[in-house]
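In what follows, a single structure is set out as structure tokens and then discussed.
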Amino acid sequence: MKYLALILLLICPALAQDKHPIDVQFDKDIDKNSSTHGMVAAYEKALKSWDKELNKHYQKLMAGLDTAGKANLKDSQRAWIVYRDKEIHNIVEYYAKVEGTMFRAISAAARTNLTKNRALSLSYMADFVEIREK
């Protein structure tokens, strides 16, 4: 039964949980200042929070893995960092060539979502390891 719940959690994360506190804070920040500058600042703040969240779940996941699993996760994370850096370069270069200040916010959103998605992915894996150990 616990595996069924986990599968549902992994397949339907939006249904399995409320809005993440980082997203709640982001919405509050946007409500306070919805200018382009305010949006970029809110995304940058959220990015820092998601990066901390990513590191927290990475450590939690590492603690629950065997030696081979730790090596695999470490390799995967290193590859993801290379991907992230190249993708951020691509995003920044692309949106730098587009006219309009709104594209600064779109670029910030894209950069933030890279880290958010990885943090959530690690969170789901860490939750699975935790459930499996019980």
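Name the residues in the range 26-45 that are free of Cβ contacts under 8 Å to residues at least 12 places away in the same chain and within 10 Å of R104 (Cα to Cα), would you? Within the range 26-45, H37 is the sole residue that qualifies. Number of residues in the range 97-111 that are over 21 Å from the mean Cα position of the chain (by Cα) and under 17 Å from E44 (Cα atoms) equals 2.
Values in this text are rule-based calculations from the coordinates and carry no lab data. In this text the structure is predicted, and so the values were computed from the model without any measurement. Here the Cβ is made from the backbone with ideal geometry for all residues, glycine too, and neighbour counts use every protein chain on show.
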